[in-house]
Structure formats: structure tokens, C-alpha cells
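What follows is a set of notes on a single structure, which appears directly below.
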Amino acid sequence: MVGRKRKSRKKKRPGWAGILLAAALLALAAVGAAGWLILAPFGPAKETFVELAPGSSTARIGQQLEASGIVRSRYAFEVVRLWKHGTLRAGEYRFDHPAKPAEIYARIVRGDVFTKTVTIPEGSNLFDVAARLELAGFGTREDFLNAAARQVNLVADLDPAAKSLEGYLFPDTYHLPRKATAEQICATMVRRFRVVAGQLGLKENVHDVVTMASLVERESALDGERPLVASVFQNRLAKGMALMTDPAVIYGLELEGRWRGTIYASDLKRDTAYNTYLHKGLPPGPIANPGARSLRAAMEPAKTNYLYFVAAGANPQGHSLFSATLDEQNHNVAGYRNAVKKAGGR
């Protein structure tokens, strides 16, 4: 008996619709994964610093950020780069919370580097600046004082006789990198001085102008009186009279480590190069770092016949008392002492 031939069943193969569906699902999954990498916040929960060196490629930066736990994937960071464009800026960056890669990328394009803020008041001298920088965490006081003495070449064209950077560390608010060295800070402050000096037109006789401005800065509490104080010093110099200014004496004592916080009669007799009671003319160099208003006053002193003044800082009445004669000065000093007594002083 001849058997029947069995019909072979053909296996059904997935049609084009199935293939397209699978591809679509895979594409959606890939897009979702990419979107998650690019859009989902990621990063440290605690403070983390990343230093991006100058000349680093996008790939290198992405690797650093991934290794430091700032971004989930270096490739996501590179995708953002292709999307956003822009120039990535070197520097130290601080991260302290999860963020989207695009947000991190935007910070680096802006150059939103981490800095510490330090304000140097007008009239601060080297010792004051060094103390403030130490307090802000920028090395030791001695580090800065040594750097200011070593780097006089920064002002060699302005003041060939300078023995330190006193007078040229411009008082201002600075935003400094966390790891800034004393040398870098000195250079930054001197650059700021050069900018201001250029704006004021200070090009000649810089040593004497800055020295005079430093005296004015330490003696003047009120802006409007600075040109008047400068006129007193200028008039006394013209007449060959000693300047007799206490801040210069104090500075000489500070240089010798002999300043006791209060000036005594014996200090006025101590022979230092900065004792303007014993030595006529300007002191050897600046005694502080003057601001723009004192520099301008030294460049353009008022036209007066004043030879004396009682400084506003010492006067309870709140303003300086100027005079052209010794009798007028004695009268002003007597008035000052009476005002001190009324104010409850000695």
C-alpha cells in the first residue's frame, strides 16, 4: 500500500511589520537610554573639586568628570559638546550636588571656576595684606612677605629703587583661585595697580607719587580732604620742612618689629629711615598701598597755603583741621584735646 505523502509545513517567518516593530522598540530604548544619560541629574552629594588643565580636550575633560563622579558617562558629556558647542575653560571647578550634563557643560563654558574672595582695604600695608591672606587660607604671612620682597622685578620699570612691592599691591576685592600662590597673588595685585595707574595717567615720577599717596591714604579718613592733606605735605616739602607724619614713623617701627600698637614719645625719637620727624623729605618708599583717590590727590594736590593739620581720624568732631601757621595749629590742637575730653577720652 502506497502511503500518502505528507505535506511539509513551512515555518512562518516574521514579516516586515515585526522587524520594523522590533527596530522601533530598540530605537526607542536607545533614545531613552541616551536621554537618561544626558538629562538625568548625576553627581556628588558632597563638595568635590576638579582641576581642568589648560589645553585639555573634550574627551580628556569628560574622562576627568566621569572619574570624579561628576557625570555618569563621558560619552554623554561629548554628546552635549556636539549639541551645545562653545569653548571649555580651564580652571578648578567645585561641584556639590547632582546636576544634568548640560548644566555642568554650561558651567565650564562660562568659566564658572571656584574662587575665594579676599578684600584688601585702602591703606593696607604689606603686613596687613599678608595677615588677611593668611586668614583666608592662602599660605602663611611669611610666605607672602617673602614673595613681595622677592618679586620687586614686577615693578622694576615703575620704581627701580623698590625694595618690596609696598605701594603697588592695589587695594581691591579679589576673587582668587583656591590654590593661588603668594607669587601669583602678588602678580595679580600689581597688574591691578597698573590698570588703575594707566586710567589715572600715572606715568612719571611714580615712586614719589605712590609714596606721597600712601601718606595721604594713612592720614585721610574723608575723600574730600585727601587733596588738602596732599597740599600740606607738598607745601612742607617745598619749604624744606619735616613732614612729621606719625604713620610713617609707625611703618618704620613695623619693619623693625618694634611697633607696640600705640605710638609713644620715645618712638618719635627712634632713628629709622621712615621717621619723618627726624628726616626731611619723603620717606624712602611707600608706607602702605593707596587707592585711586589718594593716588589722584598725590598727582593733583589742592592749591593751598596750609602747612599743618589735625587728622580726621584723631578728631572726635569727624573732620580734619587745617592751618597755615603754627599758632593756628596750636589752636586746633587745643580744640581737638577739648573735644576728646568731652567725648570721654583722655
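The values are calculated or read from the model by the stated rules, or taken from the named source; none is laboratory data. Quick caveat: nothing in here was measured; it's all calculated off a predicted structure. Don't worry about glycine lacking a Cβ; one is built from the backbone with ideal geometry, like all the others, and counts go over all protein chains shown. With ligands, DNA and RNA removed, areas are computed over all heavy atoms of the protein, side chains included. Shrake-Rupley method; radii C 1.70, N 1.55, O 1.52, S 1.80 Å.
Below is a table of values for the structure above.
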read-out: Only one of R258, R226, R296 that is modelled with pLDDT under 95 and under 23 Å from V129 (Cβ atoms); value: R258
read-out: Any hit, the stretch 85-93, residues being part of a helix (DSSP H, G or I), in contact with a Pro (Cβ under 6 Å, 6 or more places away or on another chain) and of a type outside the set (D, E); value: no
read-out: Any chance A76 is small (G, A, S) and open to solvent by less than 50 Å² (accessible area, probe 1.4 Å); value: yes
read-out: Unmet requirement for R218, which otherwise passes all of (1) under 19 Å from Y308 (Cα atoms); (2) surrounded by fewer than 21 Cβ atoms within 10 Å (Cβ to Cβ); value: (2)
read-out: Counted residues, the stretch 102-151 - those being more than 13 Å from the chain's Cα centre (by Cα), in a helix (DSSP H, G or I) and not polar (S, T, N, Q); value: 24
read-out: Unique match (being out of contact with any Gly (no Cβ under 8 Å at 6 or more places or on another chain), at pLDDT below 95, within 21 Å of F49 (Cβ to Cβ) and open to solvent by less than 30 Å² (accessible area, probe 1.4 Å)) among G62, G69, G111; value: G62
read-out: Residue match in the stretch 101-117 (condition: charged (D, E, K, R) and more than 30 Å from Q63 (Cα to Cα)); value: no
read-out: Residue match in the stretch 160-178 (condition: assigned to a helix (DSSP H, G or I), buried (at least 22 other Cβ atoms within 10 Å of the Cβ) and either out of contact with any strand residue (DSSP E or B) (no Cβ under 6 Å at 6 or more places or on another chain) or not hydrophobic (A, V, I, L, M, F, W, C) (or both)); value: no
read-out: Among residues of the stretch 199-223, those that are in a helix (DSSP H, G or I), at pLDDT 95 or above and more than 16 Å from G285 (Cα to Cα), counted; value: 2
read-out: Total residues in the stretch 222-253, condition surrounded by fewer than 17 Cβ atoms within 10 Å (Cβ to Cβ) and under 28 Å from the mean Cα position of the chain (by Cα); value: 3
